[in-house]
Structures are given as structure tokens and as C-alpha cells.
Amino acid sequence: MLPQWFNDWNRNNPTNVFGPGIIVGAVGGAIIVAVMLVAYGQPFATQSMQTGPRGTGMSVPEFTKQVTKPDPTIEDYYTEEPYVPEGGEPLAKDIYQNVQVLGDLTEDNFNRLMTAMTLWVAGDEGCAYCHGDVDVEEYGEDTLYTKVVSRRMIQMTQNINEGWGDHVNANAEVGVTCYTCHRGEHVPSDIWFKIAPVNQSMAGWSANQNRATSISQSTSLPSDALETYLLEYGTIAVHDLESRVEGSPAGGELPSIQDTERTFSFMNYFDNSLGVNCVFCHNSRAFYDGSQVTAQWGTASLGIAMVQEMNSDYLVPLADVYPEERLGPIHQDAPKAACKTCHKGYQRPMQGLNVIADWPELATTEAPVYE
């Protein structure tokens, strides 16, 4: 109970306490936020990787919190050192039936690789995923499509490591194994199928765009970019920089506006696949000039050629091997690879982990070299 004189004075001298209260609350809140930022770190802080001369805007900014966050799939990567042969050991092709690849490996190294492959691709099913629930004596049969596909995928992996080292080992030895794409899953994430046309009620160019799809990165850009550039070997180009230039896109003399939009769609996919932006490969003041690109442009160009070969020589021909449920939902085509199938949002798959170090058997189509 307050004294009467105090109540009378307050009644006769009203004061607005809300204004000062708001000020005090705002200042107090700012102090709390500042203390939290100091204690826990700035969640939106960025760091930049400079890709060109200063002052040209050529840098790739990334959230520091994201850069320091490890790829969660690295923790589950299984690896095992090889058994260095002493000479005279029995070979897999002399022990097991129908060993069409890896037959020159010793039995220990052959079984070691088979164990790793099951963990990389089908950890729950194990050997049965490719061989079926049969006795070991029947493992030589090609009853399941998974075994036929796996055999071809081993050959593809060897070809990548042997023939495309300038891409996969551009900065340091990294290599690829089955796990690079599969990450423990039967079917790798970020594979793709042909989906164009996407607007069934339209014809011509309009049927390829203006509907958000995973391939167009949820934009209105064309959805046939991967099909055009990574399957049909289309030329990646944009329309002329000058207006009213001579020549006609219809005659093939100039890239059309449609070609330009498709290129933008592909470049957008490229950036999202590696977690970078345009100046990772291109000069910010001369995107069109191939003589002023960054070193990463050459590595990326090799990657495009590598994926084209993977699709045309290894993946597409397997369409007749896959069961219907593994084919594309629209065109019944085989699953295909692209940049994101391996990179999954990182500049280097698995953040540059050397996955081939313990697996010389997958590094070459020739006899492996053990050290």
C-alpha cells in the first residue's frame, strides 16, 4: 500500500513510461544479441576465395559455418589398406567362376574389394544384392541385373581414374570409387532422366521451359539442358553480344536466344552442383572470352567431357539391362550422371578426401600397383 500523497502526486503528474521502457528493452536486447554473437560466433559470417584480380568482383563467398561443416557422408566412408602381394598367391579368376573384371587380383584383395563395394552400395543386403540369396558356389551366375550393372560400373570407375586424372586429381590425388556417387545408397542421389517436354499442352520451345523442375534448379529456364549438353554433345554458347548482327540462328550461324537460355540453365545447374558462382570459372569482365577464364574453367571443361563419355559409353547402354522400375518415368531411359552426382554441392567431392589411396584396383584397367 503506497502513501496517499504518492498516489495523488502520480495522478496529478502522469508520466509516459512506455517510451523509456522501449528504449531500455531495445538496448538490453541488442546487448544480449551482441554477447551471443561474441560467445557463439557470427552465423552469417563469410569467407571468400579470390579467383581473379582484385577489384573485379571475382571471388566465391561462402558462409564460414558451412565451409567448416564436414560432409556428413565422409564419416560413413569405409576403407581398408590393401594386402601387398608377395608373389605366387592364387588369383581370383583361378578360384571363382565368371570373374570378368578384377580377375588378376589375389584372393585376399578381391574379397577385400567386394566387401567394400557392398558397404559402399548395399550395406544392408551385402553380397545378396548382386548375387542373390544363393550358395557361394552359385555366385558366378549373372542372374541379377545388379551384378551386370556393377561389373560395368567397376570398368567405368577404372576408366575415370585412369583416363580423366586431370579432372579428378586436378589439385591433388583424390580419385573416385563407387562411394563417390553412391554414398551407401543403391541408386546414387542426383542422377537424372530426360523429362522434356515439361508442358504437354504446348509445342516447340515453350514446351521446354516455364515450369520449375529439379533439372532447371526450380527456375523457369529450360529443362533439357543436361540432355542437350551431357548426352547430345551440344555446343554450350550464348547469342552474339552485338545487336543486329549478320547471320541467322536458323541457319546455324549464330546461337539462338533459346540456346542462350539453355546455357544459362546449365550454368545454373553447374554452380549449384559445386556450391560456387559464375566467377569460379569465368572472368567477371569478359565472360565470353575463353582466353581470360580461370584455371578452374579448364578443370570444369574436362569434367563435362568426362560426364559425356560416362553417359554415352557406360550408363545409357545399360537401359536394356535395368528393370522397368529403374528407368525414367517419362522416356523409359537409363539413369544418367551429371556434376552433382559426384560433387553434391561441394567444390570437390567429399571435400577432397583421397578415396582412391587404398584402392589401386580401381585406379587402372591394368594390373594394380601396390606400395
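No value in this document is a laboratory result; all are computed from the given coordinates. Here the structure is a predicted model, which means the values were calculated and not measured. Reconstructed Cβ throughout: ideal geometry from the backbone, glycine too, with neighbour counts over all protein chains shown.
Each residue of region 224-230 was assigned a 3J(HN,Hα) from its phi angle through the Karplus expression (A = 6.51, B = -1.76, C = 1.60, θ = phi - 60°), giving 10, 5, 5, 4, 6, 9, 9 Hz with x at Gly and Pro. When you filter the GluC sites (Glu not before Pro) in region 77-166 for DSSP loop state and at most 11 other Cβ atoms inside 10 Å of their Cβ, you are left with Glu86.
For region 206-262, trypsin sites (Lys or Arg not before Pro) meeting the loop criterion (DSSP other than H, G, I, E, B) and having at most 14 other Cβ atoms within 10 Å: Arg244. Here is the list for region 183-290: GluC sites (Glu not before Pro) lying in DSSP coil, each with at most 16 other C-beta atoms within 10 angstrom of its C-beta, are Glu185, Glu232, Glu242, Glu246, Glu253. Angle of helix 145-163 to the longest C-alpha principal axis of the chain, folded into 0 to 90 degrees and rounded to 10: 80°. The Cα center of region 183-228 and the Cα center of region 136-153 differ in position by 32 Å. Counting Lys +1, Arg +1, Asp -1, Glu -1, what net charge surrounds Glu89 among other residues with beta carbon under 9 Å of its beta carbon? Neighbourhood net charge equals -3. Enumerate the aspartates and glutamates that Lys340 could reach by cross-link, defined here as Cα to Cα under 13 Å, with residues fewer than 8 away along the same chain left out. Within the straight-line cut-off, Lys340 pairs with Asp190, Asp271.
For region 185-330, the relative contact order works out to 19 percent when only alpha carbon pairs closer than 8 Å and six or more residues apart are counted. Bridging of Lys93 to lysines at a Cα separation below 17 Å is possible for Lys147, once same-chain residues fewer than 8 apart are set aside.
Per-residue Cβ neighbour counts within 10 Å put Met267, Met202 in the sequence Met202, Met267, beginning with the fewest. Computed from phi, the 3J(HN,Hα) profile of region 266-272 under the Karplus parametrisation 6.51, -1.76, 1.60 (θ = phi - 60°) reads 5, 5, 5, 4, 4, 4, 5 Hz, with x in place of Gly and Pro.
Rounded to the nearest Hz, the phi-derived 3J(HN,Hα) couplings of region 323-338 under the Karplus curve 6.51 cos²θ - 1.76 cosθ + 1.60 (θ = phi - 60°) are x, 4, 6, 8, 8, x, x, 10, 10, 6, 9, 6, x, 10, 9, 8, where x marks glycine and proline. Here Rg/Rh (Cα atoms, Kirkwood Rh) was computed from the coordinates, and among (i) 1.16; (ii) 1.02; (iii) 0.98 the match is (i). Taking every C-alpha pair closer than 8 Å and separated by at least 6 residues, the mean separation divided by the residue count of the chain gives a relative contact order of 19 percent. In nm, to one decimal, how far is the modelled label at Ser218 from the one at Trp297, with both set 7 Å along Cα→Cβ? Distance between the two pseudo-spin positions: 3.1 nm.
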